[in-house]
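Data block below; observations after.
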Amino acid sequence: MTLRLVVLISGKGSNLGAIADAIDEGRCDAKIALVVSDRPDAAGLELARERGIETETLPFKKGMDREAYSAELAEIVALGAPELVVLAGFMRVLGTSFIQRFAGRMINIHPSLLPSFRGADGVGDALDAGVKISGCTVHLVDEGVDTGKILAQAAVPVLPSDDRASLHARIQRAEHRLLPEIIHAIANAKMRLDGGLLSRPIIDEDACIISPRFSP
Ligand code: GRF
């Protein structure tokens with residue numbers, strides 16, 4: 001089944017691009033009906049327009065309350081008639097009414113192995129904590145910040161030479177594989193939106209990342 005998506009962004013939109021590439025290459029059975037940004041200068045909007053995808057922006061105005069903003073945003077998102085709402089780098093916390101309206105059909109990609117390092121700087125917080133393995137998580141969105149049911153994760157090593165930018169770049173390469181794959185799994189009823197699996201996943205049970213490793 002081709003899953004109808006509305007994708008919310010705030011920034012460069014590399015995950016949006018990864019979904020669009022996967023759709024074009026037949027690796028993700030979905031259609032991006034609409035891209036919505038809270039920032040009119042988000043580079044991802046241009047990326048969407050170049051691909052002929054409809055875009056909308058709703059800038060957050062100073063003094064506006066979160067619920068009022070979210071209610072307006074929900075109306076815009078509903079215009080795309082989404083079967084799945086994808087938060088792909090949308091940096092605003094959504095109000096309760098928005099979350100309830102799209103509950104059970106809204107996912108987020110977060111740049112850490114949740115439940116570690118929730119919040120706006122998952123990459124920096126992981127570096128500061130000195131973890132040796134980090135990664136990314138696709139999760140269902142609930143009313144908390146990055147607290148929803150975990151659907152899938154990918155791990156990447158943290159290298160001794162890493163700074164925020166290099167670690168984020170490595171995590172993003174994992175995000176660009178994981179997010180379209182999970183959307184495809186949902187579209188093809190291999191994964192339910194409560195995280196339940198309807199098909200046998202391909203998992204190497206002995207796969208293990210040891211980080212760091214030392215040369216002999
Ligand atoms: C991603 O790293 C995602 O995990 C986080 O925001 C970033 C968005 O990147 N939520 P992009 O705009 O998709 O390049």
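The values are calculated or read from the model by the stated rules, or taken from the named source; none is laboratory data. It should be emphasised that the depicted structure is a prediction, and the values quoted were computed from it without experimental measurement. Cβ sites come from the backbone with ideal geometry, for glycine too, and all protein chains shown count toward neighbours.
Here are a few things to note about the model shown:
- So Ala174, is it out of contact with any strand residue (DSSP E or B) (no Cβ under 8 Å at 6 or more places or on another chain) and within 13 Å of the ligand (Cβ to nearest atom): no
- Taken over region 152-174, the residue count meeting the criterion of being out of contact with any Ser or Thr (no Cβ under 8 Å at 6 or more places or on another chain) and of a type outside the set (Lys, Arg) is 10.
- Any hit, region 109-118, residues being of a type in the set (A, V, I, L, M, F, W, C), closer than 17 Å to Val7 by Cα, modelled with pLDDT of 95 or more and not in a helix (DSSP H, G or I): yes
- Considering residues of region 123-157 that are under 18 Å from Arg177 (Cβ atoms) and over 13 Å from the mean Cα position of the chain (by Cα) only, the residue surrounded by the most Cβ atoms within 10 Å (Cβ to Cβ): Ser134
- Just one of the numbered conditions (1) over 18 Å from the mean Cα position of the chain (by Cα); (2) crowded, with 19+ Cβ neighbours inside 10 Å; (3) aliphatic (A, V, I, L, M) is not true of Ala187: (1).
- Meets criteria (touching a residue at least 12 places away in the same chain (Cβ under 8 Å), outside any loop (DSSP other than H, G, I, E, B) and either of a type in the set (Phe, Trp, Tyr) or closer than 21 Å to Ile23 by Cβ (or both)) for Ile186: yes
- Qualifying residue in region 11-23 (condition: of a type outside the set (Lys, Arg), part of a loop (DSSP other than H, G, I, E, B) and touching a strand residue (DSSP E or B) at 6+ places or on another chain (Cβ under 7 Å)): no
- Among residues of region 1-27 being within 11 Å of the ligand (Cβ to nearest atom) and either hydroxyl-bearing (Ser, Thr, Tyr) or at pLDDT below 95 (or both), the one that is nearest to Ile182 (Cα to Cα) is Ser14.
- Qualifying residues in region 74-94 (those that are over 21 Å from Leu3 (Cα atoms) and either surrounded by 21 or more Cβ atoms within 10 Å (Cβ to Cβ) or touching a residue at least 60 places away in the same chain (Cβ under 8 Å) (or both)) - the one nearest to the ligand (Cβ to nearest atom): Met91
- Residue that is nearest to Ile183 (Cα to Cα) [pool: residues in region 87-105 that are in a loop (DSSP other than H, G, I, E, B) and charged (D, E, K, R)]: Arg105
- Taking the criterion of being away from the ligand (no atom under 12 Å from the Cβ) and either under 23 Å from Ala169 (Cα atoms) or in a strand (DSSP E or B) (or both), the residues of region 47-62 that qualify are Thr55, Glu56, Thr57.
- Of the criteria (1) under 21 Å from Ala88 (Cα atoms); (2) β-branched (Val, Ile, Thr); (3) more than 14 Å from the ligand (Cβ to nearest atom); (4) touching a Phe, Trp or Tyr at 6+ places or on another chain (Cβ under 9 Å), which one Val131 fails: (1)
- For region 1-39, the set of residues classified as among the basic types (Lys, Arg) and under 14 Å from the mean Cα position of the chain (by Cα) consists of Lys12 only.
- Check on Ser166, of a type in the set (Gly, Ala, Ser) and either in a helix (DSSP H, G or I) or surrounded by 19 or more Cβ atoms within 10 Å (Cβ to Cβ) (or both): yes
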